[in-house]
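Presented below is the structure to which this report refers.
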Amino acid sequence: MTALHANDVRTVIIERLDRLARDLMIQETIIGDLRKHGFELVSVAEPDLMLAVMLFGAFVLWWEGASAGKVSIGRWSAVGLILAVAGLIKGPQPLAYFFIGVFAFLVLARRWNEVVGLAFAGVIASVPLGVWYLAVYQTGDVGEWISHSRIGSPRALGDQVWNSLDFLVRVALGMLPATVLPPLLVRRDREDSIGRLWLALLLYATCCTAILLFWPGARARYAMPALPALASLTGILFARMRLKHPLPFRISDTLIAVLIGYQLILGWLVTPNFPGLFAQARTVGDRIASVMRADPAPLYPLRDALDLSPLIYVPGPVRAITFAELADVQLPAWAIVTPKQVAELQARRPDLEAEVRLLMPEYQDARLVYVRKRRQ
């Protein structure tokens, strides 16, 4: 807080809460402290999940008509309006998941008459986007858009191969088990309703993802629109396997019910009524702060050896360092070290006095020591 005020910071931009802190309680504490000190908080989280839901909603709306044999003008118009809103949220690029996937299905199914309807939905979606771009356009924006889209910016072959492999691994692992199970649905007969739905979902999920695999600088989160389609494919497989092998699924249903019950009891009954059970980090932090009040000085925890989350509750300067750096800090100072490191510090620097002020067996058996020059 001192550094923020010293640099005249008034606005704090939070891209993602897990980058602010991994622990939910620490997130809430940091946000509360920032607001208490008068900082304006701005969230710029990427709307990837909402965008994926909207694009898949357009797909579902289209498929309900396509599976019945005809997509009306009204339905194509509604699809275009949904896509227009999605485009205004994140730009036109993610809309490729819908247009490329549906177009590929229409080509394979030889439904040429529906290509006109797809183009009509594209026109509806592009009008609001075009109006918005014209309203905010400034000279040089085209170059910025090309650069942002990574068009015309060649990369070294090695960098591109590494980026493609990184993208493939992250998408495959991040969307498990949906990236493993759907291939088991492959069937020779694609003429029944389930077969056609399987094909449409697969094309929707994979066509644009395959393009992203080779796109310069593509990130795994760009493939988020594929997730609902892959989840639907997995659901189809689940339903089919459940009919053939009911016993394993009854066992899994029981386990899921137990886990859901556990989360409900923990979140709605135990945590609100017994908050002390989940406040170990705050308890440790408060104990450290209480002891340090007797001799105010900077605190130096060891970066590589300790969980630093309790220290969010310690006011004053806190800087994580290595054990090698501890012998060179400005004194007096506080340090959090292991019992072995207390002896090592005194052996390295006989001129220093490391007085153990607090034992913390619940905090990785660490010691809070007050380090100062040895008195003559």
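What follows draws every value from the coordinates through simple rules; no lab data is involved. Just so it is clear, the structure is predicted and the values come from calculations on it, not from any experiment. Note that each Cβ is placed from the backbone with ideal geometry, even for glycine, and that neighbours are counted across all protein chains shown.
Simple spin-label estimate for Glu325 and Trp132 gives 4.4 nm between the two label positions (7 Å along the Cα-to-Cβ direction from each Cα). Multiplying the residue separation of Glu144 and Trp162 by 0.36 nm and subtracting their alpha-carbon distance yields 4.0 nm.
Given N residues in the stretch 280-373, what is its alpha carbon radius of gyration divided by 2.2 N^0.38 Å?
0.96
Calculated over the stretch 212-339, the projected area of the Cα convex hull averaged across directions stands at 15.7 nm².
Near Leu352, the amide H atoms lying under 5 Å from its own belong to Arg374; only residues 5 or more places off or on other chains count, and H is placed 1.01 Å from N.
Here the Kirkwood formula puts the hydrodynamic radius of the stretch 48-244 at 18.0 Å, using every distinct Cα pair.
Using the Cβ-Cβ distance between Leu173 and Trp112 with R0 = 35 Å, the FRET efficiency computed as 1/(1 + (r/R0)^6) comes to roughly 0.35. Ordering of 64-75, 218-229, 243-254, 87-98 by packing is 218-229, 87-98, 64-75, 243-254, highest average first (other Cβ atoms within 10 Å, averaged per residue).
Per-residue Cβ neighbour counts within 10 Å put Tyr370, Tyr137 in the sequence Tyr137, Tyr370, beginning with the fewest.
Quick one: go through the stretch 109-139 and flag any residue whose amide nitrogen is under 19 Å from the point 7 Å out along the Cα-to-Cβ line of Ser77. Under cut-off, by backbone N: 114-129. Across the stretch 336-349, coupling constants 3J(HN,Hα) worked out from phi with the 6.51/-1.76/1.60 Karplus curve, θ = phi - 60°, read 10, 9, 8, x, 5, 6, 4, 5, 5, 5, 5, 6, 6, 10 Hz, and Gly and Pro carry x.
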